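Reading through the structure tokens given below for one structure.
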Amino acid sequence: MTDKADYLKLVQPWRVREADVLIETPVFRVRSRDCESPTTAGKGGRFVYLETCDWVNVIPLTSDEDVVMIEQFRHGRAEITLELPGGMVDEGEVPLAAALRELLEETGYVGDDAEVIGTVAPNPAIQTNLCHTAIVRDVTLRGAQHLDGNEEIAVRLVPLTSIPDLIQTGVINHALVVSAFYHFVIGSHSQA
């Protein structure tokens, strides 16, 4: 397996100065900081970025190989999306616990056979956080959803075999959901 520190050697880290908070919201902080290139004199500037907590996505699989997915209205694109359950990792919470909590809250489903199968940086150009993908196998419906105040989520069972077509046709177009299924596929092939 390739080690990140051994692979990424061509560019040096920039010098980073203390950051200022520009805007603080319940979900993220908008910050700015001065950065300077260590190799090119005069190259640098003020960079704006979002500081937020880590996120999780959950691939919940039933014993019948259906994926428990959700439909919800996404305000950024002003459209309904088909995606995986997920959300924010609370302070002091580990990603796997957050995944199981979000699965129960958003869908009413539970499962014990769970593991984190991958982690990505959602947008390292402007965000500080990571998104962890967990898989939970043999999930079962335990009860009702426990949604946050502004959430409206419909639960849908989707055959696992339909996922590639749903991605290819753009029905599933959420980048972090596509990334989650990528981790699932490469994990499945590495175990075969």
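To keep it simple, each residue is scored yes or no on (1) assigned to a loop (DSSP other than H, G, I, E, B); (2) in contact with a strand residue (DSSP E or B) (Cβ under 9 Å, 6 or more places away or on another chain).
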site	(1), (2)
ALA125	yes, yes
ASN129	yes, yes
THR133	no, yes
HIS146	yes, no
ILE167	no, no
VAL171	yes, yes
ALA180	no, yes
*asked:* Tell me the residue from ALA98, ALA114 that is within 17 Å of the chain's Cα centre (by Cα), assigned by TED's automatic domain parsing to the domain that holds LEU141 and closer than 19 Å to VAL185 by Cα, please.
replied: ALA114
*asked:* Among the listed residues PHE73, PHE47, identify the single one that is aromatic (Phe, Trp, Tyr) and either crowded, with 17+ Cβ neighbours inside 10 Å or over 27 Å from ILE153 (Cβ atoms) (or both).
replied: PHE47
*Is there a residue in segment 141-161 that is small (Gly, Ala, Ser) and surrounded by 14 or more Cβ atoms within 10 Å (Cβ to Cβ)?*
no
*So GLY108 fits all but one of (1) in contact with a strand residue (DSSP E or B) (Cβ under 7 Å, 6 or more places away or on another chain); (2) at negative phi; what number is the exception?*
(2)
*Residue among THR133, THR169 that alone is surrounded by fewer than 16 Cβ atoms within 10 Å (Cβ to Cβ) and among the β-branched types (Val, Ile, Thr)*: THR169
*So TRP14 fits all but one of (1) under 19 Å from VAL120 (Cβ atoms); (2) touching a Ser or Thr at 6+ places or on another chain (Cβ under 7 Å); (3) not basic (Lys, Arg); what number is the exception?*
(1)
*Report those strands (runs of 3 or more DSSP E) wholly inside segment 46-95 carrying at least 2 residues which are charged (D, E, K, R) and either touching a residue at least 60 places away in the same chain (Cβ under 8 Å) or closer than 17 Å to VAL171 by Cβ (or both).*
66-74, 79-83
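The values are calculated or read from the model by the stated rules, or taken from the named source; none is laboratory data. Since this is a predicted model, take the numbers as computed values, not measurements. When we count neighbours, we look across all protein chains shown, and the Cβ atoms used for this are built from the backbone with ideal geometry, even at glycine.
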